[in-house]
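Following: one structure in structure tokens, then a few remarks.
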Amino acid sequence: MGRELNLDFALNPDAPAAQQICEHVEYMVAIGVYRPGDDLPSAQVLAEQLGISRPMVQQAYRTLEERDVTSAVRGGSTSIALGADTRLLLVRRMFSNVIAAARNFATPLKREQIHDAYQLEEDRHFRTRRRLTEEEPAD
């Protein structure tokens, strides 16, 4: 049993809640904040915390399990899967952000724009990762 996580983030009312939960958990795993074995809060607890329905959280948890990000014990807890490939999650997150940005433009993107969007996400990841590493206590 790992640490009990507190999924502390605000939902955007313009996007599906289950999708946002999945993206949040995948990103936090990808950058190493959530680690294999860490326990997610129960669906009921997270639903109350975020102000959404429990079935919405359960849907997100099922999706995370299908993507091999989490593993669930029937009638028990949901935790970050031991085999969660954090590098793959990060790459998927970065490219999904690039694609989302591309869809917001009325004209086709130029190669430089795609590169800039990728670079921005990569820089944000390494800045966040460096900050988290600096905050961890030394052994």
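In this structure, the amide hydrogen of T70, modeled 1.01 Å from its nitrogen in the peptide plane, lies closer than 5 angstrom to those of E65, A81, counting only residues at least 5 positions away or on a different chain. Given a 1.4 Å probe and the protein chains as shown, I21 ends up with an accessible area of around 0 Å². Every Cα-Cα pair of segment 1-78 was included, and the share exceeding 18 Å stands at 32 percent.
The values are calculated or read from the model by the stated rules, or taken from the named source; none is laboratory data. Fair warning: this is a prediction, and the values are worked out from it, not measured in the lab. Note: accessible area is taken over every heavy atom of the protein model, side chains too, but ligands, DNA and RNA are not part of it. Shrake-Rupley method; radii C 1.70, N 1.55, O 1.52, S 1.80 Å.
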